[in-house]
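J.: This is the structure I want to talk about, given as structure tokens.
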Amino acid sequence: MSHREEVLAAIRRALSPPDLSPPDLSSSVQSPSTVSAHPSPDAQRVDAVPAPPEPTGARTVGVAPAPTEPTRAAVLDQFVARVADYRAEVSRCSPAELDAALLGALAESASVVVPAGLVLAVPGALIDDGLSAAALDAIDAAVTGAAVGIAETGTVVLDHRGDQGRRIITLLPDLHVCIVRESQVVPSIGAALALLDPARPQTWISGPSATSDIELSRVEGVHGPRRLHVILLAD
């Protein structure tokens with residue numbers, strides 16, 4: 001049997017339903033002629049042990065409680081906590097507070113780029129109309145929207161629609177400010193996949209870019225922005 005056939009056979013065995021039929025005990029039952037009329041002392045001692053009393057009343061079998069769905073507030077709180085766990089900055093605001101939140105996130109940035117489809121006025125921002133990599137590398141920050149936020153992992157997913165723009169504008173500037181609406185946050189990766197279009201390009205962002213490839217020493221900003229600021233916007 002080849003390795004491929006062995007692997008397929010193992011998969012079939014794992015996926016096949018278990019055999020729940022009762023075992024055949026006929027071969028283990030002794031006929032009356034084989035039962036000794038004089039049981040051994042060990043057998044007598046076993047027989048002398050009284051059987052436990054039968055329980056009175058109805059017996060209840062323990063059943064694990066059905067999992068409860070987390071509340072909306074709990075999902076949002078988990079998202080905020082997980083984003084912060086990745087050493088990203090995170091803030092929550094209402095629509096009326098968004099301008100102030102953006103100003104605070106961009107306080108140390110002298111230049112900003114935004115995608116052409118971002119329906120938000122960012123003072124002094126350049127609109128990406130096909131800027132070169134060299135031009136984007138000289139810009140301090142980028143502000144984009146998002147497609148989905150995942151609470152269990154603190155991940156922000158971009159599918160690069162108009163409010164998110166080209167992937168390159170979120171990789172070259174040193175700071176990425178990402179605005180995620182509360183209605184875009186889902187509890188799990190499975191829930192996120194159900195909302196995303198697999199035909200579209202996607203970028204999954206869990207914290208600022210970081211690597212520990214060299215001597216397990218963490219270095220940020222190698223493969224993307226050194227800083228990530230997520231603004232969770234109430235709908």
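The values are calculated or read from the model by the stated rules, or taken from the named source; none is laboratory data. Treat the numbers as computed from the prediction; the structure is a model and nothing was measured. Glycine also receives a Cβ, built like all others from the backbone with ideal geometry; neighbour counts cover every protein chain displayed.
J.: Can we say Ala121 is loosely packed, with under 14 Cβ neighbours inside 10 Å and assigned to a helix (DSSP H, G or I)? I'd like the intermediate steps shown before the answer.
T.: Numbers: loosely packed, with under 14 Cβ neighbours inside 10 Å: yes; assigned to a helix (DSSP H, G or I): no.
No.
J.: I need the full set of residues from the range 149-178 which are farther than 28 Å from Val75 by Cβ, among the hydrophobic types (A, V, I, L, M, F, W, C) and not in a helix (DSSP H, G or I), in order please.
T.: Here is the first cut: in the range 149-178, the residues farther than 28 Å from Val75 by Cβ are 166, 168-169, 171-174.
Next, from what is left, pick out any that are among the hydrophobic types (A, V, I, L, M, F, W, C): 168-169, 171-172.
Leu171, Leu172 - these are the residues of the range 149-178 that are farther than 28 Å from Val75 by Cβ, among the hydrophobic types (A, V, I, L, M, F, W, C) and not in a helix (DSSP H, G or I).
J.: Here is a further query. Consider the range 72-117. How many of its residues are crowded, with 17+ Cβ neighbours inside 10 Å, part of a helix (DSSP H, G or I) and not hydrophobic (A, V, I, L, M, F, W, C)?
T.: Residues in the range 72-117 being crowded, with 17+ Cβ neighbours inside 10 Å, part of a helix (DSSP H, G or I) and not hydrophobic (A, V, I, L, M, F, W, C): 2 in total.
J.: Now for a separate question. Among the residues of the range 124-146, write down those that are buried (at least 16 other Cβ atoms within 10 Å of the Cβ), in contact with a Leu (Cβ under 6 Å, 6 or more places away or on another chain) and more than 23 Å from Ala96 (Cα to Cα).
T.: Listed by number, the list holds a single entry, Leu136.
J.: Looking for whichever is without any contact (Cβ under 8 Å) to a residue 12 or more places away in the chain and either out of contact with any His (no Cβ under 7 Å at 6 or more places or on another chain) or in a strand (DSSP E or B) (or both) here; the options are Ala194, Ala142, Ala146. Which one fits? Please lay out each step first, then the result.
T.: Numbers: Ala142 fails: without any contact (Cβ under 8 Å) to a residue 12 or more places away in the chain; Ala146 fails: without any contact (Cβ under 8 Å) to a residue 12 or more places away in the chain.
Step by step, each of Ala194, Ala142, Ala146 is checked, and only Ala194 is without any contact (Cβ under 8 Å) to a residue 12 or more places away in the chain and either out of contact with any His (no Cβ under 7 Å at 6 or more places or on another chain) or in a strand (DSSP E or B) (or both).
J.: May I pose another question? What are the residue pairs meeting all of these: first residue in the range 106-133, first residue of a type in the set (Lys, Arg), second residue surrounded by fewer than 19 Cβ atoms within 10 Å (Cβ to Cβ), Cβ atoms under 6 Å, and 6 or more apart or on different chains?
T.: none
J.: Out of the residues in the range 217-235 meeting the condition of being modelled with pLDDT under 65 and not small (Gly, Ala, Ser), tell me which one is surrounded by the most Cβ atoms within 10 Å (Cβ to Cβ).
T.: By that ranking, first place goes to Glu220.
J.: From the set of residues in the range 124-139 that are outside any strand (DSSP E or B) and of a type in the set (Asp, Glu), which is farthest from the chain's Cα centre (by Cα)?
T.: Taking the range 124-139 first, the residues outside any strand (DSSP E or B) are 124-125, 129-139.
From what is left, the residues that are of a type in the set (Asp, Glu) are 129, 137.
Details: Asp129: 33, Asp137: 31 Å.
Only one residue fits best here, namely Asp129.
J.: How many residues are among the aliphatic types (A, V, I, L, M) and closer than 17 Å to Leu232 by Cα if we restrict to the range 88-120? Step through it out loud before you land on a result.
T.: To start, the set of residues in the range 88-120 that are among the aliphatic types (A, V, I, L, M) comprises 88, 90, 96, 98, 100-103, 105-107, 110, 112-114, 116, 118-120.
With the extra rule that they be closer than 17 Å to Leu232 by Cα, the set shrinks to 88, 90, 96, 98, 100-103, 105-106, 118-120.
Qualifying residue count, the range 88-120: 13.
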